[in-house]
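Only one structure is covered here, and it is reproduced in the block below.
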Ligand SMILES: Cc1cc2nc3c(=O)[nH]c(=O)nc-3n(C[C@H](O)[C@H](O)[C@H](O)COP(=O)(O)OP(=O)(O)OC[C@H]3O[C@@H](n4cnc5c(N)ncnc54)[C@H](O)[C@@H]3O)c2cc1C
Ligand SMILES: NC(=O)c1ccc[n+]([C@@H]2O[C@H](COP(=O)([O-])OP(=O)(O)OC[C@H]3O[C@@H](n4cnc5c(N)ncnc54)[C@H](OP(=O)(O)O)[C@@H]3O)[C@@H](O)[C@H]2O)c1
């Protein structure tokens with residue numbers, strides 16, 4: 001016994017020592033330990049610290065299979081929303097340069113884009129955000145560990161540094177916010193060896209050149225959109241429908257616009273192998289399921305955008321009994337973000353059935369901290385979450401798609417108001433506005449509550465963000481009609497929607 005007290009670590013090891021300390025004192029080192037320093041985890045940790053609690057956050061970035069790594073802040077900051085939106089902006093500026101000539105600007109030709117300049121500027125900004133997050137944690141007295149965490153026991157996390165050094169940390173409550181990573185289609189020969197994902201694209205020092213983007217959802221269409229916009233030969237390979245889960249009429253308009261903008265689409269095609277040619281080009285083979293043929297082409301870059309996977313396996317969740325969905329690998333949580341283990345919670349992309357969006361992860365993390373430490377009982381409300389797909393012509397929406405509304409209420413009970421409109425700024429620039437479209441899905445009963453709003457056009461995110469408040473508050477069609485528009489804007493067209501789909505009348509907006 002004496003020996004144990006003198007040299008306990010020899011007999012117990014660090015984990016045992018940690019557990020013993022907790023067992024003897026009944027106390028953990030931290031009130032809250034958050035695993036994952038991304039959108040949800042950082043928000044939760046900072047909010048908990050505001051209540052004077054002792055909080056720690058672990059963040060560790062496993063390099064991508066191509067070796068790309070980054071700093072603190074998670075997916076959004078480093079390989080998601082932020083670099084994506086900035087590169088989208090680079091592409092929009094290219095279109096603005098074309099418009100500018102119609103407005104009298106003399107721009108000497110040829111106008112060219114230099115990837116390395118854009119990438120360096122974006123990467124520098126991202127690095128400044130990494131630094132900002134570290135400073136914020138320090139200011140709020142949240143202890144940050146750059147280590148990879150996994151469960152050792154229900155209150156102890158085993159952390160591993162890059163150099164392989166082990167640390168054990170105990171906490172009363174633990175929040176898992178470890179997000180997800182891009183999926184590789186491992187059944188496709190050469191996919192892992194030669195392909196990249198969005199984890200690499202934003203950190204490339206040199207232009208990706210002629211690029212094939214496989215997949216047809218948010219990540220694929222947004223990346224293909226800005227690559228086309230900065231002048232690269234870009235192809236999207238789509239095995240089924242675009243933007244699954246979104247309103248399909250709107251989704252088709254998005255891809256139609258992308259095609260007219262210069263993005264090539266290989267529809268109903270499934271990749272089968274990727275090989276490296278002597279020229280260093282990547283030869284991709286695919287099945288065209290419509291024609292039943294095998295086709296090939298060569299590209300400089302192949303990017304997989306075939307979905308994201310949660311990395312729950314390495315967290316050692318089974319040891320502590322945290323339940324995951326066996327199909328998706330995501331953590332099962334209840335309305336209070338509680339897992340199957342009472343003091344362990346999860347927020348953000350790692351959780352089953354939640355939107356994979358930064359603002360929902362942040363809000364869920366903050367509300368969780370308030371419930372845990374601030375005597376709040378407010379739950380996160382995942383209804384009517386607005387979102388925008390940042391394709392060259394943006395698509396923003398909130399609420400139900402037309403298909404969902406029909407499914408929930410029946411087509412006889414919904415009214416769809418719609419309009420094709422021309423943004424004023426497109427007129428002088430002689431831009432085609434064929435896909436500038438909006439529709440509002442309402443209940444047909446007297447009150448006509450708005451169920452969904454969909455908008456394709458410039459600054460869709462800015463437009464939908466405002467209307468989202470009204471829809472969250474239960475706005476009705478008559479209330480929207482009483483809303484005075486701001487002239488001349490695209491958003492004002494929403495306040496003027498009066499043609500119903502049912503009427504079959506021409507929905508093209510004419511005049512002012
Ligand atoms: C290309 C792209 C564009 C996107 N664009 C948008 C957009 O425009 N708008 C939007 O709202 N959303 C967008 N998203 C989604 C958004 O980025 C995510 O929903 C959001 O980042 C999820 O936050 P999170 O906290 O759940 O996880 P993350 O932000 O992924 O953070 C998880 C963190 O945990 C770390 N980690 C993982 N395992 C461990 C471990 N064992 N120990 C320690 N640390 C660990 C990870 O390295 C990471 O830093 C985009 C995503 C992608 C990929
Ligand atoms: N602007 C934003 O807010 C934004 C931007 C980017 C990402 N995100 C978030 O990130 C999440 C993940 O987006 P994601 O685009 O990565 O994934 P996703 O929504 O899961 O879409 C995956 C796409 O890849 C296709 N696919 C899957 N396996 C394939 C295979 N083996 N071969 C060919 N195609 C395949 C799918 O086609 P099928 O439809 O046929 O299955 C689908 O088009 C989204 O849910 C979103 O919430 C948000």
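The values are calculated or read from the model by the stated rules, or taken from the named source; none is laboratory data. None of the values given here were measured: they were computed from a predicted structure. Reconstructed Cβ throughout: ideal geometry from the backbone, glycine too, with neighbour counts over all protein chains shown.
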Please enumerate the residues belonging to the stretch 160-195 that are over 30 Å from residue 337 (Cβ atoms) and in a loop (DSSP other than H, G, I, E, B). 163, 164, 165, 185, 186, 187, 188, 190, 195
Flagged in the stretch 335-386 as buried (at least 16 other Cβ atoms within 10 Å of the Cβ) and on the phi > 0 side of the Ramachandran plot, in numbering order, are 337, 348, 384
Any residue that is part of a strand (DSSP E or B) and in contact (Cβ under 8 Å) with a residue 12 or more places away in the chain - is there at least one of those in the stretch 463-471? no
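The rows are residues; the columns are (1) farther than 30 Å from residue 156 by Cβ; (2) surrounded by 14 or more Cβ atoms within 10 Å (Cβ to Cβ); (3) out of contact with any helix residue (DSSP H, G or I) (no Cβ under 8 Å at 6 or more places or on another chain).
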| position | (1), (2), (3) |
| --- | --- |
| 257 | yes, yes, yes |
| 272 | yes, yes, yes |
| 281 | yes, yes, yes |
| 292 | yes, no, yes |
| 313 | no, no, yes |
Any residue that is at pLDDT 95 or above, touching a helix residue (DSSP H, G or I) at 6+ places or on another chain (Cβ under 8 Å), over 23 Å from residue 351 (Cβ atoms) and within 16 Å of ligand 1 (Cβ to nearest atom) - is there at least one of those in the stretch 182-192? no
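Is it the case that the stretch 236-254 has a residue that's closer than 21 Å to residue 79 by Cα, more than 9 Å from ligand 2 (Cβ to nearest atom) and touching a helix residue (DSSP H, G or I) at 6+ places or on another chain (Cβ under 8 Å)?
As a first pass, look at the stretch 236-254 and keep what is closer than 21 Å to residue 79 by Cα: 236, 243.
Then drop every residue that is not more than 9 Å from ligand 2 (Cβ to nearest atom), which leaves 236.
Those left that are additionally touching a helix residue (DSSP H, G or I) at 6+ places or on another chain (Cβ under 8 Å): 236.
Among the residues of the stretch 236-254, at least one is closer than 21 Å to residue 79 by Cα, more than 9 Å from ligand 2 (Cβ to nearest atom) and touching a helix residue (DSSP H, G or I) at 6+ places or on another chain (Cβ under 8 Å), which makes the answer yes.
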Residue tally, condition more than 16 Å from ligand 1 (Cβ to nearest atom) and either outside any strand (DSSP E or B) or modelled with pLDDT under 95 (or both), over the stretch 209-227: 2
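Hey, does the stretch 447-456 have a residue that's touching a residue at least 60 places away in the same chain (Cβ under 8 Å), under 25 Å from residue 91 (Cβ atoms) and part of a helix (DSSP H, G or I)?
Scanning the stretch 447-456, I find no residue that is touching a residue at least 60 places away in the same chain (Cβ under 8 Å), under 25 Å from residue 91 (Cβ atoms) and part of a helix (DSSP H, G or I), so the answer is no.
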Under 7 Å between Cβ atoms, which residue pairs at least 6 apart in sequence (or on different chains) link something in the stretch 68-89 that is farther than 16 Å from residue 362 by Cβ and at pLDDT below 95 with a partner that is outside any loop (DSSP other than H, G, I, E, B) and away from ligand 2 (no atom under 14 Å from the Cβ)? none
Can you confirm whether residue 121 is loosely packed, with under 13 Cβ neighbours inside 10 Å, assigned to a helix (DSSP H, G or I), more than 10 Å from ligand 1 (Cβ to nearest atom) and free of Cβ contacts under 8 Å to residues at least 40 places away in the same chain? yes
Does any residue in the stretch 211-226 that is over 15 Å from residue 81 (Cβ atoms) come within less than 7 Å, Cβ to Cβ, of a residue that is in a helix (DSSP H, G or I) and near ligand 2 (Cβ under 6 Å from one of its atoms) six or more places away or on a different chain, and which pairs are these? 213/220
Only one of these is surrounded by fewer than 16 Cβ atoms within 10 Å (Cβ to Cβ), modelled with pLDDT of 95 or more and over 17 Å from residue 401 (Cα atoms): 490, 473. Name it. 473
Hey, could you check the stretch 57-76 for residues that are away from ligand 2 (no atom under 14 Å from the Cβ) and surrounded by 23 or more Cβ atoms within 10 Å (Cβ to Cβ) and say which is nearest to the chain's Cα centre (by Cα)? 73
